[in-house]
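Below: one structure, written as structure tokens.
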Amino acid sequence: MQSTPQLFNDSWDRIQTNNKQFISCFYHYLIANSEEITQIFVNSKIQEPEKLLHTSILYIVTFSTAKLPEKSLQRVKTIHEKLNISDDHFNLWMESLICAVKVWDPKFSPEVETAWLKTFKLGLDFMKKA
């Protein structure tokens, strides 16, 4: 049986062959499921939201492996606090990410889903309000 990091990394590698479509799918799930999140993107005048989501994924994955909040992730947390991003928004972010993984990883399984959830847990817990 593969370890959680190996399952996540293999899934991530499979998705990277369609990275732009994957990120676009993730973004569309996210905004389609929350008018509040759509308004946050519109009101904050975020340019290139899909690029921003990709970067946030990388920051959280890096955090999960290093187990330390990097300055970049701390800056992202501060921005999210100013935008009044709630824990529910972060939960929806993760749900939307999993939906996109289901679409773009041809070997998606319950074990792969668990690997993604475990990989992102530490970073999302850090981002959520304490």
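The values are calculated or read from the model by the stated rules, or taken from the named source; none is laboratory data. On a predicted model such as this, the values are computed, not experimentally measured, just so you know. Cβ sites come from the backbone with ideal geometry, for glycine too, and all protein chains shown count toward neighbours.
This table checks each residue for (1) aromatic (Phe, Trp, Tyr); (2) farther than 24 Å from Ile40 by Cα.
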residue: Lys77; (1), (2): no, no
residue: Ile85; (1), (2): no, no
residue: His89; (1), (2): no, no
residue: Trp93; (1), (2): yes, no
residue: Asp105; (1), (2): no, yes
residue: Ser109; (1), (2): no, yes
residue: Thr114; (1), (2): no, yes
residue: Phe126; (1), (2): yes, no
Check on Ile23, touching a His at 6+ places or on another chain (Cβ under 7 Å), modelled with pLDDT of 90 or more and in a helix (DSSP H, G or I):
yes
Taking the range 29-66 and keeping residues touching a residue at least 60 places away in the same chain (Cβ under 8 Å) and either within 13 Å of Ile85 (Cβ to Cβ) or not in a helix (DSSP H, G or I) (or both) leaves Leu30, Asn33
Take Leu117 and decide whether it is closer than 26 Å to Thr38 by Cβ and either basic (Lys, Arg) or touching a residue at least 40 places away in the same chain (Cβ under 8 Å) (or both).
no
For the range 83-113, what are the residues that are at pLDDT 95 or above, part of a loop (DSSP other than H, G, I, E, B) and touching a helix residue (DSSP H, G or I) at 6+ places or on another chain (Cβ under 6 Å)?
Asp105, Phe108
What number of residues within the range 5-27 are within 14 Å of Ser109 (Cα to Cα) and touching a Ser or Thr at 6+ places or on another chain (Cβ under 7 Å)?
1
